[in-house]
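**Student:** Would you mind keeping the following structure in view while I ask a few things?
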Amino acid sequence: MTMCMRSGKWTFMVLAAALGASGCSGEPSPDTDGDDNLATDQDAVITACAISIAAQETAVTLGQPIHFTATASCPSGTPEIQWYQKINSSWRTVGPYSTAATLAFDSTGSVVGTNYFYAAARKQGTTTPVTASATITVRIDDNVASCTAVRLTAPAGGATGNVGSAMTLSALATCPVGVVPEYQFWVKLSSTSAWTMLPGYTTGPSSWTPSSAGSWNVRAAARAQGAHVAYQVLSGSNTVSIAGPVNRPPVAGNDGLATPANSAGTVDVTSNDSDPDGDSFSVTSFTQGAHGTVGFTGGTASYTPATDYVGSDSFTYTITDAHGATATATVNVTVTNLAPVAVDDAITAPANAAGSVDVLVNDTDGDNDGISVTSFTQPAHGTVGVAGSLATYSPATDYVGSDSFTYTITDAHGATATATVNVTVTNLAPVANDDAISTPSNAAGSVDVLLNDSDGDHDLLTVTSYTQGTHGSVGFTGSVATYTPAGGYVGSDAFTYTITDALGATATATVHVTVRSVTPGCTISIATTTSSPVYGANIHFVATAACNTGAADIQWYHKENSTWRIIQAYSSLATLDFTAAVVGADYYYATARTHGTTTPVTTSNTLTLQVADNVPSCTAIHMTQPASGATGHVGVAMTLAAAAICPVGMTPEYQFWVKLSSSSSWTILPGYTQTTGSWTPPSTGTWNLKAAARAVGAHVNYQVLSSAISTTISP
């Protein structure tokens, strides 16, 4: 405590030593009246508090309370007290300032051993000065029972070891019943005084790997598990002698080798071998396999199986390091069977006829094992039977296009291979039947040559070429042939025509012509004044007819679904109003005969009109689902969708077409939909898909057709 004074009379009262008081601020005035009245005189007074503390207990068990009492006073106010405990060389506060003069301190979390406490006092409402009490001590005992003795059981005194080789450490402690001891081991070179504590505690043996040669001391420390001290008991030390590192043998790992029958295989057996000391090592001996021969080049083993052997085998080899230590491992050998090789085949068969192929002719087996057909699949558009190695394919009735099936071959060891037989079912050619025309001399005669022709696949037929008659000229309008005899010619004549189906197959037939001598007859031609006919609207026809023996009666015909029917019976009317009932090509003709007779009858030209639909047409379409390049699986339905551009107010409806990429024939899926369609792929391969669209209510199969997309179908 330092006081600063001037000359004059002063009165002092020393209350306590103020912590940290050093120096003065300002100067107090001297006592001038001599009455020493501290309340009224300008005396210099240090207003520090006084405090002392005591503990009810001198020792407690960890977790039990310590009861402290403080005696504190301040000259001019109420004292408030704050308590302190010393933890790990640092003081910490125990709660805030309080006017309470007692403290029940929870010892949980304190260190085991001697603990230090003091308290500080200050006048309530101030922060300084602060007075500290004297420091008192209380011993805190562990709440875990203590082990009483420990001895080192391993290593024994005089034991030896090597640098780099682990040494087992163990100890045995004497502890109360139910207490589990845990150990820590200490080591040091005998020439030093500082012990090294091996990290961690263990309830059983531990290990220590000496780092250098020499005489080492080893001891054990023990404590009850859960104790709050570093150790409770310490053993005496044993001395061990550590020599330099000992050579460790190399480590040989087993290897595997796989090779096909009748072929040698190799393996570097040392690639997975090692030496813990880093010594070099090499293969020094080996055995032979039971079913093959073994050779070594350096660390690489070569195994050659016995001829045609398939199965397992093994041999051993030994490696030796630079110090003569050895290790042996096994090489396990698998000699694999060479699977047969199945090569794709092809069958070409006409529609409605079977085709065959010997599928084994181009198949092989690398081991020359016998091979046979053990299974086969059925195609999408036909049936298959196999007799021996001969596969026979029978297409479905009238089917034309591509198909395929697979077959599997198996060798003598059970290995298999599968190949595909690609089938092409050829188109049925059309059948053209001869026709006849009978016409009077100097008059043309006509016949629709397709009326009696047919196509087994129901393909669309067209006339693609024809010849001229010897005694007359020939012309064609669509499928109608018109023969005009040379002037004055009477007799027989003939010409040929060729028809072609949608796939390019052709057939030829003859039209036999009879030119009769002049007899009563008529001429007739028809025309229309309706320039742009529309479905559902009237078409106005005009006939120009004349008969050489009287007035002409006219009968009108319309071609519906490939069949001509009478739409107005014979009458003298030379005009006809008829409601258009088809969209596209629409065919009409008329016949004339002399009024009052039934023969001869003259046939007019056939009039072909292009009738427009009365429903506006969609103008564009594209596929939206699946995306081009998408994949799918046989038997798993795929969603089909398209988007069409149609006039305002018109709703499109869709139809979907599919075909294998290798086929030129499209399959039209049945029905129309205004939303999405579904298609279940019948076979694997690359498939093309496209969509057709028409406005709802249209009278055509479709108005627009999308581009094709591709999708790959797998099993």
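The values are calculated or read from the model by the stated rules, or taken from the named source; none is laboratory data. A quick note: this is a predicted structure, and the numbers were derived from the prediction, not measured. Here the Cβ is made from the backbone with ideal geometry for all residues, glycine too, and neighbour counts use every protein chain on show.
**Student:** Can you run down the residue pairs with Cβ atoms below 7 Å, 6 or more apart or on separate chains, where the first is in the stretch 191-208 and more than 11 Å from residue 170 (Cα to Cα) and the partner is charged (D, E, K, R)?
**Tutor:** 194/188; 195/188; 196/188; 201/182
**Student:** Out of curiosity, is residue 648 within 30 Å of residue 533 (Cβ to Cβ) and not assigned by TED's automatic domain parsing to the domain that holds residue 560? Can you show your working first?
**Tutor:** Values: within 30 Å of residue 533 (Cβ to Cβ): yes; not assigned by TED's automatic domain parsing to the domain that holds residue 560: yes.
Taking the combined requirement at face value, the residue satisfies it.
**Student:** Continuing with the same structure: Can you pull out the residues in the stretch 207-244 that are hydrophobic (A, V, I, L, M, F, W, C) and exposed (fewer than 13 other Cβ atoms within 10 Å of the Cβ)?
**Tutor:** The one that is hydrophobic (A, V, I, L, M, F, W, C) and exposed (fewer than 13 other Cβ atoms within 10 Å of the Cβ): 230.
A quick yes/no check of all residues on (1) touching an Asp or Glu at 6+ places or on another chain (Cβ under 8 Å); (2) basic (Lys, Arg); (3) modelled with pLDDT of 95 or more; (4) closer than 21 Å to residue 400 by Cβ:
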residue: 649; (1), (2), (3), (4): no, no, no, no
residue: 653; (1), (2), (3), (4): no, no, yes, no
residue: 667; (1), (2), (3), (4): no, no, yes, yes
residue: 707; (1), (2), (3), (4): no, no, yes, no
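**Student:** From 222, 227, which residue is aliphatic (A, V, I, L, M), assigned to a loop (DSSP other than H, G, I, E, B) and either touching a residue at least 40 places away in the same chain (Cβ under 8 Å) or farther than 29 Å from residue 327 by Cα (or both)?
**Tutor:** 227
**Student:** Among the residues of the stretch 124-168, write down those that are at pLDDT below 95, more than 30 Å from residue 243 (Cα to Cα), buried (at least 16 other Cβ atoms within 10 Å of the Cβ) and not hydroxyl-bearing (Ser, Thr, Tyr).
**Tutor:** 129, 130, 132, 140, 142, 143, 144, 147
**Student:** May I pose another question? Restricting to the stretch 673-708, and then to whatever is buried (at least 18 other Cβ atoms within 10 Å of the Cβ) and among the hydroxyl-bearing types (Ser, Thr, Tyr), can you tell me which residue is nearest to the chain's Cα centre (by Cα)?
**Tutor:** Filtering first and then ranking leaves 684.
**Student:** Need pairs with beta-carbon distance below 7 Å; first residue in contact (Cβ under 8 Å) with a residue 24 or more places away in the chain and of a type in the set (S, T, N, Q) and within the stretch 374-398, second part of a loop (DSSP other than H, G, I, E, B) and surrounded by fewer than 17 Cβ atoms within 10 Å (Cβ to Cβ); sequence gap 6+ or separate chains.
**Tutor:** So the pair list comes out as 392/354; 394/354; 397/352.
**Student:** Can you tell which of 170, 191 is among the polar types (S, T, N, Q), more than 60 Å from the chain's Cα centre (by Cα) and farther than 30 Å from residue 116 by Cβ?
**Tutor:** 191
**Student:** All but one of (1) surrounded by 15 or more Cβ atoms within 10 Å (Cβ to Cβ); (2) modelled with pLDDT of 95 or more hold for residue 515, so report the exception by its number.
**Tutor:** Here residue 515 clears every test but (2).
**Student:** When the residues of the stretch 397-434 are narrowed to those that are among the polar types (S, T, N, Q) and in contact with a Gly (Cβ under 9 Å, 6 or more places away or on another chain), which ends up modelled with the lowest pLDDT?
**Tutor:** It comes out as 427.
**Student:** For the stretch 302-316, which positions are in contact (Cβ under 8 Å) with a residue 24 or more places away in the chain and outside any strand (DSSP E or B)?
**Tutor:** 307, 308, 309, 310
**Student:** Can you confirm whether residue 553 is surrounded by 15 or more Cβ atoms within 10 Å (Cβ to Cβ), within 28 Å of residue 645 (Cα to Cα) and acidic (Asp, Glu)?
**Tutor:** Working: surrounded by 15 or more Cβ atoms within 10 Å (Cβ to Cβ): yes; within 28 Å of residue 645 (Cα to Cα): no; acidic (Asp, Glu): yes.
No, not satisfied.
**Student:** Inside the stretch 319-382, counting only strands (runs of 3 or more DSSP E) that do not spill past its ends, which hold 2 or more residues that are closer than 28 Å to residue 305 by Cα?
**Tutor:** Fully inside the stretch 319-382 and qualifying: 326-336.
**Student:** Right, another one. Give the residue that is nearest to residue 617 (Cα to Cα), with candidates limited to residues of the stretch 580-594 that are modelled with pLDDT under 90 and of a type in the set (Val, Ile, Thr).
**Tutor:** Per the criteria, the residue is 583.
**Student:** Further question on the same structure: Any idea which of 211, 241 is at negative phi and in a strand (DSSP E or B)?
**Tutor:** Result: 241 is the single residue among 211, 241 that is at negative phi and in a strand (DSSP E or B).
**Student:** Right, another one. Can you tell me which condition residue 90 does not meet? The list is (1) under 30 Å from residue 245 (Cα atoms); (2) modelled with pLDDT under 95, and all the others hold.
**Tutor:** All conditions are met except number (1).
**Student:** When you scan the stretch 640-648, do you find a residue that is in contact with a strand residue (DSSP E or B) (Cβ under 7 Å, 6 or more places away or on another chain) and in contact (Cβ under 8 Å) with a residue 60 or more places away in the chain, even just one?
**Tutor:** Checking the stretch 640-648: at least one residue is in contact with a strand residue (DSSP E or B) (Cβ under 7 Å, 6 or more places away or on another chain) and in contact (Cβ under 8 Å) with a residue 60 or more places away in the chain.
**Student:** Ok, one more. Can you tell me which residues in the stretch 300-319 are in contact with a Phe, Trp or Tyr (Cβ under 9 Å, 6 or more places away or on another chain) and of a type outside the set (D, E, K, R)?
**Tutor:** 301, 302, 303, 315, 316, 317, 318, 319 - these are the residues of the stretch 300-319 that are in contact with a Phe, Trp or Tyr (Cβ under 9 Å, 6 or more places away or on another chain) and of a type outside the set (D, E, K, R).
**Student:** Among the residues of the stretch 169-206, write down those that are surrounded by fewer than 17 Cβ atoms within 10 Å (Cβ to Cβ) and within 17 Å of residue 145 (Cα to Cα).
**Tutor:** 172, 174, 176, 177, 178, 180, 203
**Student:** Answer with yes or no whether residue 539 is within 19 Å of residue 448 (Cβ to Cβ) and not polar (S, T, N, Q). Spell out the reasoning first.
**Tutor:** On the way: within 19 Å of residue 448 (Cβ to Cβ): no; not polar (S, T, N, Q): yes.
Against the criterion (within 19 Å of residue 448 (Cβ to Cβ) and not polar (S, T, N, Q)), residue 539 does not qualify.
**Student:** So which of 373, 310, 294 ends up being closer than 30 Å to residue 412 by Cβ, outside the structural domain of residue 261 (by TED's automatic domain parsing) and either touching an Asp or Glu at 6+ places or on another chain (Cβ under 9 Å) or modelled with pLDDT of 95 or more (or both)?
**Tutor:** Exactly one of 373, 310, 294 is closer than 30 Å to residue 412 by Cβ, outside the structural domain of residue 261 (by TED's automatic domain parsing) and either touching an Asp or Glu at 6+ places or on another chain (Cβ under 9 Å) or modelled with pLDDT of 95 or more (or both), namely 373.
**Student:** Another question about this same structure. Please verify whether residue 159 is touching a Pro at 6+ places or on another chain (Cβ under 7 Å) and among the hydrophobic types (A, V, I, L, M, F, W, C), treating the condition exactly as stated.
**Tutor:** Answer is no for this residue.
**Student:** Please specify each residue of the stretch 492-505 satisfying the condition of being out of contact with any helix residue (DSSP H, G or I) (no Cβ under 8 Å at 6 or more places or on another chain), under 18 Å from residue 435 (Cβ atoms) and of a type outside the set (Asp, Glu).
**Tutor:** Within the stretch 492-505, 492, 494, 495, 496, 498, 500 meet the criteria.
**Student:** List, please: which pairs have Cβ atoms under 8 Å, are six or more places apart or on different chains, and start with a residue in the stretch 336-355 that is outside the structural domain of residue 401 (by TED's automatic domain parsing) and free of Cβ contacts under 8 Å to residues at least 24 places away in the same chain and end with one that is surrounded by fewer than 19 Cβ atoms within 10 Å (Cβ to Cβ) and small (Gly, Ala, Ser)?
**Tutor:** If the second residue must be surrounded by fewer than 19 Cβ atoms within 10 Å (Cβ to Cβ) and small (Gly, Ala, Ser), no pairs are left.
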